[in-house]
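This report refers to the structure that appears directly beneath it.
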Amino acid sequence: MIYLLDYSISKADVLAHLGYNNQEISDTLNQKIDACIALSYERIVPAFTYQIFSVHPSLHGIEIENTSLTIDSYDLKQLLCYSKEAILLALTAGVGIEQAIRTQSYRDMTSCVILDSCASVATENIAEALQQQIKQTLSEKNLSITNRFSCGYGDFSLHYQKDLLQLLHAEKKIGLHANEFGILQPKKSITAVIGIVDKQIRHRYYAACSNCAAKEDCAYQKEGKTCFNYMQD
C-alpha cells in the first residue's frame, strides 16, 4: 500500500542534521551532499497507514477502545487530555534507501553518513506532510490535531511499537515491523499517536527532557536544543 506525499529534503536540514555549524565546506563535500540528496529522492518510496481509534484515560495512561491495548504513559495521557479520538499512524521511507545506505558503507563512509542524514530528514518531512494532510482533512469537520507523539518520547515506552504496528496491520500494508527491542525495520520509519481535538482547542504537549527515554543519546540535546523545537506547526 504505497501513497505519494509531497515532501522535500533541503540541504540546510541535512547540514543541520550532520552538525554543521558554519564550517567551511569544500566543493567536493558540497558535491557529495548534492549527490546524496538526489540519490535519496531516487530510492525513497514513502508509504504510510493510519487509523482513528476512540480513546479514554485509564489510571496510568490511555485505553484504546475496542482493542485489548492499554498504554501506561502519563505523557500520552497528557497529550490526549482533550481527545476522545486519536490517530495511530505508521510510515516508512522504505527499504530502498536502507539498501543504498548499506551499499555506501562499503564504498564511501562519508557518503554513507550524508545519505543516512538525508534519509532521516526525509522521513521526518514525510511525517510532517502526512500530519498536515490529516489536519487539512479533519479541518473540514471542524476538528484539529495535537502534535505527534512517538514511542520513546518521555515515558511512552518503545515496547509499545509492536502493539501499534499490530493494530495498524503495518507489516502487511507497508512492510514495517519492529524487533524485540522495539526498533523499527526499516529503520527510517516512524510510528506516532496524534490526538484529535475540537478546532478551537490548540493543545500541544511535549515530554520533559529529564523524563525522556532518549535523553542519554539525544542528538538534539548534544546541540543544546530540544526535539519539540522541530515538531511544532
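Summarising the amide proton neighbourhood of residue 145: residues at separation of 5 or more, or on other chains, whose placed amide H is nearer than 5 Å comprise 197. Shown for segment 131-175 is the translational diffusion coefficient from the Stokes-Einstein equation, using the Kirkwood radius over Cα pairs, a temperature of 10 °C and a viscosity of 1.306 mPa s: 127 µm²/s. Could you give log10 I(q)/I(0) at q = 0.11, 0.16, 0.19, 0.21 Å⁻¹ for segment 65-214, computed by the Debye formula over C-alpha point scatterers of equal weight, without solvent? The calculated log intensity ratios at q = 0.11, 0.16, 0.19, 0.21 Å⁻¹ are -0.47, -0.95, -1.24, -1.40. Cross-link pairs exceeding 24 Å in C-alpha to C-alpha distance, out of 32/172; 77/135; 162/187; 173/199; 162/199; 32/173, comprise 32/172; 173/199; 162/199; 32/173.
Run the dipole for segment 32-147 about the Cα centre, Lys and Arg Cβ at +1, Asp and Glu Cβ at -1, nothing else charged, and hand back the magnitude in debye, nearest 20. Numbers along the way, then the final one.
Values: 8 positive and 13 negative charges, 27 e Å.
Roughly 120 debye, rounded to the nearest 20.
Annotation: amide H of residue 73 within the under-5 Å range of 61, 62, sequence separation 5 or more or interchain, hydrogens built in the peptide plane.
Annotation: amide H of residue 85 within the under-5 Å range of 55, 196, sequence separation 5 or more or interchain, hydrogens built in the peptide plane.
Can you give the Rg to Rh ratio of segment 1-88, both from alpha-carbon atoms, with Rh computed by the Kirkwood formula? We get a ratio of 1.22 for segment 1-88. The three principal axes of the C-alpha atoms in segment 150-189 carry coordinate ranges of 28, 19, 16 Å, sorted with the longest axis first.
Once the cut-off is 21 Å, how many percent of the Cα-Cα pairs in segment 99-179 end up in the long-distance tail? Cα-Cα pairs in segment 99-179 separated by more than 21 Å: 53 percent.
The coefficient of translational diffusion for segment 42-111, derived via Stokes-Einstein from the alpha carbon Kirkwood radius under 10 °C and 1.306 mPa s, stands at 107 µm²/s. For segment 189-195, the Karplus equation 6.51 cos²θ - 1.76 cosθ + 1.60, evaluated at θ = phi - 60°, returns couplings of 8, 9, 10, 6, 10, 10, x Hz by residue, with Gly and Pro reported as x. Across segment 125-139, coupling constants 3J(HN,Hα) worked out from phi with the 6.51/-1.76/1.60 Karplus curve, θ = phi - 60°, read 6, 5, 4, 5, 5, 5, 4, 5, 5, 5, 4, 5, 4, 6, 4 Hz, and Gly and Pro carry x. Using the Karplus relation 6.51 cos²θ - 1.76 cosθ + 1.60 with θ = phi - 60°, the per-residue 3J(HN,Hα) values for segment 37-54 come to 4, 4, 5, 4, 4, 6, 9, 7, 10, x, 9, 8, 8, 8, 8, 9, 10, 6 Hz, with x marking Gly and Pro.
Quick note: the coordinates plus some simple rules give every number you see, no bench work behind them. As the structure is a prediction and not an experimental result, all values here were calculated from the model. Positions of Cβ are backbone-derived with ideal geometry, glycine not excepted, and every protein chain shown enters the neighbour counts.
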